[in-house]
2 protein chains.
Amino acid sequence: MINAILASTSTLHGEDYLQYLIPEIKELYKNISEVIFIPFARPGGLTHDEYTAKAAEAFEKAGLQLKGIHEFSTPEEALRNTGGIFTGGGNTFLLVSELYRNKLMQPLRESILHGAAYLGTSAGTNIAGLSMQTTNDMPIIYPPSFKTLGIIPFNINPHYLDPDSNSTHKGETRETRIKEFHNLNSPPVVGLREGSWLQIADNKISLKGKLSARIFEKEKVPYETDTGSDLSHLN
Amino acid sequence: MINAILASTSTLHGEDYLQYLIPEIKELYKNISEVIFIPFARPGGLTHDEYTAKAAEAFEKAGLQLKGIHEFSTPEEALRNTGGIFTGGGNTFLLVSELYRNKLMQPLRESILHGAAYLGTSAGTNIAGLSMQTTNDMPIIYPPSFKTLGIIPFNINPHYLDPDSNSTHKGETRETRIKEFHNLNSPPVVGLREGSWLQIADNKISLKGKLSARIFEKEKVPYETDTGSDLSHLN
């Protein structure tokens, strides 16, 4: 049974890292002594140690210990034995490349399917979908595959942004990009706005946070779904 | 000797498709009877025929005939024999995938290096760089490689957007994304604003249009370069 929080962003404007998620983190990892942190998306040149320290500081506020996956001599075994995992944000191409290079994509998937509580933010949320093909990130590295964990039966677009009707910019809007995805691919896409998250628990996928989400299904007009909605049917 | 126009965008706000580039198109393809159009980036579900018709309509205003690469029974030979090529915008992952799938990446490169006049807009400009790794597009299809034409010794970020200082959105800015690219890669990146283009002629690469461009070099502070600048030194 999957137990997960998939958040659009780690940080809300004007808040500390993970601040708005602390109550969720406490609940998600209750009765778990140590959570494994996956820092592979490593944004902005932070080392794995620095990124882990930053996440550990936030987790301390929830009374939790965090240890980086890179600190284990046998990371695959560590994933198999842990009760909790957190994958931080950054660049999804880098995260996916590193998971494959370290042969950890499949062990991570199995650990979550076997019940390890999982938190993802941004890129860490993106990889919970069927593929990373609805990421907003730049392809700074060539991963061996775009296939990701598939612990939910659809894709996520984190940091979802509504079209700006005042913009004179001619680059594609987020909605246009997702429409292009659906020209070639069939999985639904959940446009998850900053401050929203999906909670997977009791065999249900629910939208949480204050905002609605925008759902994109192939050959359908995109639509809004209210917070609290059950998205389990989406596939 | 390379003869090319690499434009950030096909269309300016409030203008017709290619309108602002018509004088450049006339000059670039003078004395050329027929230009080959590469519609592979095919945005928004347009067919190759529909996309070619749209581009042909704009080219007519410059007194030029356009024919889609998909209309040739031997497209590789067509590229080898043509005096002019135009690659339109859309999704860069799709464009690069289709060029490789049709075994046209190398013939296209050779044709341009042998003097075929080349126009790229958006994705068609992106592929002129060393790699497609500074595209803004969504990875809607998995290409066999991120390597592109390399007719210029650096990368381009088309539709370059300055950070919005009023934004409360926590997704990465364009500048942050390019910095992430430089954490793993060394080629310089030219952030080409809409309305700007690079002209390659007489063994020189010059910035054209009304705006300055933003130049990103690994481990340097990004800087502006004025229109009219010679960028031939950048590599």
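The values are calculated or read from the model by the stated rules, or taken from the named source; none is laboratory data. This is a predicted model, so every value here is computed, not measured. Cβ placement follows ideal geometry from the backbone for every residue including glycine, while neighbour counts extend to all protein chains displayed. Calculation scope for accessible area: heavy atoms of the full protein, side chains included, ligands and nucleic acids excluded. Shrake-Rupley method; radii C 1.70, N 1.55, O 1.52, S 1.80 Å.
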Residue check, residue A:221 against (1) buried (at least 16 other Cβ atoms within 10 Å of the Cβ); (2) in a loop (DSSP other than H, G, I, E, B), all met but one. Which one?
(1)
(1) within 14 Å of chain A (Cβ to nearest Cβ); (2) touching a Gly at 6+ places or on another chain (Cβ under 6 Å): which one isn't true of residue B:87, the others all being true?
(1)
Hey, does the range A:45-52 have a residue that's in contact with a Pro (Cβ under 6 Å, 6 or more places away or on another chain) and of a type in the set (Phe, Trp, Tyr)?
yes
From (1) modelled with pLDDT under 95; (2) touching a helix residue (DSSP H, G or I) at 6+ places or on another chain (Cβ under 7 Å); (3) within 21 Å of residue A:199 (Cα to Cα), pick out the condition that doesn't hold for residue A:34.
(2)
Residue in the range A:8-50 that is nearest to residue A:211 (Cα to Cα), counting only those that are of a type in the set (Phe, Trp, Tyr) and crowded, with 18+ Cβ neighbours inside 10 Å
A:20
Name the single residue, out of those in the range B:7-32 being touching a residue at least 60 places away in the same chain (Cβ under 8 Å) and assigned to a helix (DSSP H, G or I), that is nearest to the other protein chains (Cβ to nearest Cβ).
B:20
Apart from one, (1) open to solvent by 70 Å² or more (accessible area, probe 1.4 Å); (2) of a type outside the set (S, T, N, Q); (3) over 28 Å from residue A:175 (Cβ atoms) all hold for residue B:54; the odd one out is (3)
Given the criteria under 30 Å from residue A:102 (Cβ atoms) and among the aromatic types (Phe, Trp, Tyr), does residue A:223 qualify?
no
May I ask you to list the residues in the range A:112-141 that are open to solvent by 10 Å² or more (accessible area, probe 1.4 Å) and away from every other protein chain (no Cβ under 14 Å)?
A:113, A:114, A:115
Would a scan of the range B:214-232 turn up a residue that is hydroxyl-bearing (Ser, Thr, Tyr) and within 14 Å of chain A (Cβ to nearest Cβ)?
no
Mind listing whichever residues of the range A:68-103 are free of Cβ contacts under 8 Å to residues at least 40 places away in the same chain and hydrophobic (A, V, I, L, M, F, W, C)?
A:69, A:72
For the range A:161-192, name all the residues that are of a type in the set (A, V, I, L, M) and either surrounded by 18 or more Cβ atoms within 10 Å (Cβ to Cβ) or in contact with a Phe, Trp or Tyr (Cβ under 9 Å, 6 or more places away or on another chain) (or both).
A:178, A:189, A:190, A:192
Under 6 Å between Cβ atoms, at least 6 apart or on separate chains: pull out the pairs that start in the range B:33-52 with a residue that is away from every other protein chain (no Cβ under 13 Å) and end on any residue that is loosely packed, with under 14 Cβ neighbours inside 10 Å and outside any loop (DSSP other than H, G, I, E, B).
B:34/B:65
Only listed residue being farther than 21 Å from residue A:45 by Cβ and small (Gly, Ala, Ser), chosen from A:124, A:129
A:129
Closer than 19 Å to residue B:92 by Cβ and touching a residue at least 12 places away in the same chain (Cβ under 8 Å): which single residue out of A:139, A:158, A:144, A:153 fits that description?
A:139
So, in the range A:142-196, exactly how many residues are within 17 Å of the chain's Cα centre (by Cα) and either more than 21 Å from residue A:10 (Cα to Cα) or more than 7 Å from every other protein chain (Cβ to nearest Cβ) (or both)?
23
